Amino acid sequence: MLSKEIQLEVNKGAMLPLMEEFYTIQGEGYHTGTAAYFIRIGGCDVGCHWCDVKESWNAELHPPTSVDLIVGNASKYAETVVVTGGEPLMWDMTILTQKLRDNNRKVHIETSGAYPLTGSWDWICLSPKKNKLPTPTVYEAAHELKVIIYNKHDFIFAEEQAEKVSGNAILFLQPEWSKKEEMTPLIVDYVMQNPKWRVSLQTHKYLNIP
């Protein structure tokens with residue numbers, strides 16, 4: 001159990017359940033191949049069965065950490081900071097993003113969009129999930145839509161999601177890692193027939209980097 005004081009700090013976003021933080025190369029989506037500092041926030045109730053960081057789901061396993069400490073660590077590394085999870089929008093991102101921007105960082109988020117948007121972002125990557133759909137605020141603000149393709153029906157889901165984002169959002173289809181041999185050829189064919197989409201791959205896994 002958290003103390004009342006710490007719980008209040010968490011509730012307002014001055015402390016966050018930090019799972020891990022690391023400097024690496026962005027592996028997927030629009031910014032593939034660029035250096036970025038990743039901040040992984042614990043807590044997620046979306047429950048994707050193919051999630052590769054299920055240890056992030058239980059926020060109680062990840063101790064509340066001062067945003068000042070997180071920002072201080074991030075500011076030692078890349079110009080770009082990516083906030084991911086878990087599902088970071090379960091928490092109020094206002095203080096974290098403001099302090100990162102005060103330190104001249106470009107601030108990105110990777111989110112399912114299942115919770116209302118908080119924080120001030122330079123780039124929003126929306127990766128929607130069928131079992132908990134995005135909120136309107138995230139659809140409207142997304143710069144990038146990245147749909148994970150696990151089976152053929154996911155192409156239909158991808159088109160439904162593409163109709164809900166801004167016309168300026170960049171559209172990506174990405175094979176789920178365990179099905180990549182089966183789904184990648186289908187994605188390639190689909191993108192060639194529907195060129196508004198682009199292919200995204202988890203290049204960090206091919207390159208064996210975090």
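Annotations for the structure displayed:
- The residues W197, W123, W177, W50, when put in order of fewest to most other Cβ atoms within 10 Å, stand as W50, W177, W123, W197.
- When you restrict to C-alpha pairs under 8 Å that are six or more residues apart and normalise by the size of region 13-206, the relative contact order lands at 18 percent.
- Taken over the alpha carbons of the chain as equal point scatterers, the Debye sum produces base-10 log I(q)/I(0) values at 0.10, 0.18, 0.19 Å⁻¹ of -0.42, -1.34, -1.48.
- The length gained by stretching the chain between K130 and E159 to full extension, at 0.36 nm per residue less their Cα-Cα distance, is 9.2 nm.
- For E176, E110, E20, order by how many other beta-carbon atoms lie within 10 Å, fewest first: E20, E176, E110
- Computed over region 120-210: relative contact order in percent, which uses C-alpha pairs under 8 Å that are six or more apart: 24 percent
- P(r) tail for region 61-162: Cα pairs beyond 21 Å make up 38% of the total.
A short reminder: the numbers here are calculations on the coordinates, not readings from a lab. Source: prediction; values computed, not measured. Cβ coordinates were reconstructed from backbone atoms using ideal geometry, including for glycine residues, and neighbour counts include every protein chain displayed.
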